[in-house]
1. Would you please give the residues with an amide H less than 5 Å from that of Ala510, counting only those at least 5 places away or on a separate chain, with H modeled from the backbone geometry?
2. Roughly speaking, to the nearest percent, how much of the chain's 1.4 Å accessible area is carbon and sulfur?
3. Multiplying the sequence separation of Val28 and Glu556 by 0.36 nm and subtracting their Cα-Cα distance, what value in nm do you get?
4. On a 1.4 Å probe surface of the protein chains, which of Val615, Val33 comes out largest in accessible area, and what is the full order?
5. With θ set to phi - 60° and the Karplus curve 6.51 cos²θ - 1.76 cosθ + 1.60, what are the ³J(HN,Hα) couplings of segment 445-453 in order, to the nearest whole Hz, using x for Gly and Pro?
6. Students sometimes get this wrong: rank Tyr452, Tyr650, Tyr445 by accessible area, probe 1.4 Å, all chains present, largest first.
7. Can you give the FRET efficiency for Thr491 and Gln411, using 1/(1 + (r/R0)^6), R0 = 25 Å, r = Cβ-Cβ distance, to the nearest 0.05?
8. Under a crude label model (7 Å from the Cα following the beta-carbon direction), how far is Arg197 from Arg338 in nanometres?
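The values are calculated or read from the model by the stated rules, or taken from the named source; none is laboratory data. These figures come from a predicted structure and were not determined experimentally. Positions of Cβ are generated from backbone atoms using ideal geometry, with glycine treated the same way; all protein chains shown enter the neighbour counts. Remember, those area values only see protein heavy atoms, side chains included, never the ligands or the DNA or RNA. Shrake-Rupley method; radii C 1.70, N 1.55, O 1.52, S 1.80 Å.
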Amino acid sequence: MFFRDKSSGKSGKPVLQLIESVRTEKGVRQRLVVSLGTRIDIPKEIRVDVAKIVKERLQGQVSLFPHDSKLLAYADKVVKKIQTEGKWNTARKRVSEFSDKNPNIAEIFVQEVNHCYERTLGPLFVGHTFWKRLQFTDILRECGLNDSEIKTAQISVLHRLIEPGSENDILPWLNTVAADELLEVNSASFGKDRFYRISDKLYKNREFIEENLYQREKTLFSLEDSVFLYDLTNTYFEGICAQNPKAEYSKNQKEKRSDCPQVVVALMLDGDGFVRRHRIFNGKMTDVKSLQHIMDSIRDEFDNSKKPTIIFDRGMVSDDNMKLMKNYEDLSFIVMCRSGEEAYFINEFSSEQFMAIGGREDKPEVKVSLQEKDNVLYLLCKSEGRKVKEQAMRTSKEKKLEAELNNFKKQIDNGKSNAPDKINQRIGKIAATYSNVSKYYNISYTHWEFSYELPGDNAIIPKRLVNSLKILSDKVKNNKITCPAITKKLTEFKSKYPKFDKIKINLKKADLKWETVDEVFAKETAMEGNYLLKTNRKDLTPDKIWKMYVMLTRIESAFRDLKSYLGLRPNFHQKEHRVDGHIFITLLAYHLLHSIEHTMRQAGERSRWVTIKRVLSTHNYGTIQLPTTAGPVINVRKAGIPEGIHAEIYKKLRIDHSKLPVRQVLA
């Protein structure tokens, strides 16, 4: 075997080819083994050695001496291309030339059987199947993307689904998965720029893609769009992101990264958790201000049909937004009231007219009561689970408050804090930090005092002692001495002056103390576990209103998936269109993720994608080398036999794993 360069007829660039010499009836002839194109450039000085290693690998031979890692890297690329593209004669034909028996049968050396070039298959296989099931290819073709661009888009989305990272991470990832076999691509010819370009094209067509994807999901899973869930999250950046006008610093950074600029992502889901649409706002956009934009899009979409019920949490609730909701006719809503509004129904919460939510035998009890006020229905809710959680949060804050006060008390006793004004400021700061619990604490501070009284009789007190006491008194008035320091001084005086005991000393230590005010405590904790919902849906039962509202947990789950498992944050891009493209590709990956999990739930399995991915990562593609007794080595590249746990997941996802591609090459 040897390498040679041959000029391309189209571009004129040299194309690297691997050639072998074969003996024929007309003598020795040269035959093309594989064309490596222009992407794999092997330096001329090492080509002979690389060709030798390629031949060893294909024939299952083991070198007596270890090869240089650089040579092995080139050889692996060549062998992989040979095995995946099958440029040589098929194994069946070549075996028949040296076998008098059945051409499907060959004698092999069992001890010399090897396997190599393992690539992860399972997660990619599932993602690829659902890509086809959601008809991504047809949707992207309608956007004007050609076949190559569609394959690039698929790789980009599947990478975000399986091993989230930036576009720079895609090429190394392709070397670890069976993309060439499953997606029928030549990943060795890819450059990273194609993934940036496809990000731009996808985002340009985002509205068409998002709408058609949802319509496909609606048909596939029999969804209803009568309920919309709405909420906001954010994603922050590494760097200043100066080229993105949307990137802004905000104190409302949910990951506590106020040191990083951010953009806000608004997400609208249907009642089953499928993405209906998204919108990207500037980093300082608040929950309250964003509602106007999403309401306009709902009005346009449902102009001539019944509008859906929109559900959002108390972060969206304001007087202006509630007025806004009234301006949209036939638009229904279910929202949680702002904190403190429960106080208007304190008497109703104390009544016994509550009914338990059914179907929660193994869960904490929830009781509800429906009240009407100003033509709006209010659902009073009592949750045992929420009560336990709020009590635990309150107890934790109480412990932290008292720990801070105890620590501060020690500082005062040790004289590290002495000025009354600064001490009171510090107490106020501690109380403000734990304002939720400090409001039912009575915290008081009494500063330390020092005074003395000389005897009235004719006892002679040394003048030096009198002057020293006067100096101490002046320092106390000006806060230039601490209580521990003056205690030490008085001890010295007592040992130095015998008549010190005749002086009446008044030294009162500082006192920082706190206690709970029972009446206030009882009032503040009486509403623990209680919350208030309001709606204009008068056709719903209390049970139905509550169950519709708790659908919001699905949007919280979506945010968790986007951030923790799909690489929404941090965002390493700096330009606005690249940031927007990164977010959109993440959302496309979420369409696949949620479709996979929804299908599992339909089969009675509640496993998350992160678990499915971890289990299936052990189902691989590999090459099996079978050295025959007649000389040639049969190289079979195929998927491994799924283990029971793999087959069970494939069954629940309705995936047929029996028709995966198999390639055979004879060396």
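1. Trp448
2. About 47 percent, which is the carbon plus sulfur part of the accessible surface.
3. Between Val28 and Glu556, full extension yields 183.1 nm more.
4. Order by accessible area, largest first: Val615, Val33.
5. Taking θ as phi minus 60°, the curve returns 9, 10, 6, 6, 10, 9, 7, 8, 9 Hz for segment 445-453.
6. Tyr452, Tyr445, Tyr650
7. That pair, Thr491 with Gln411, gives E of 0.70.
8. It is 5.2 nm.
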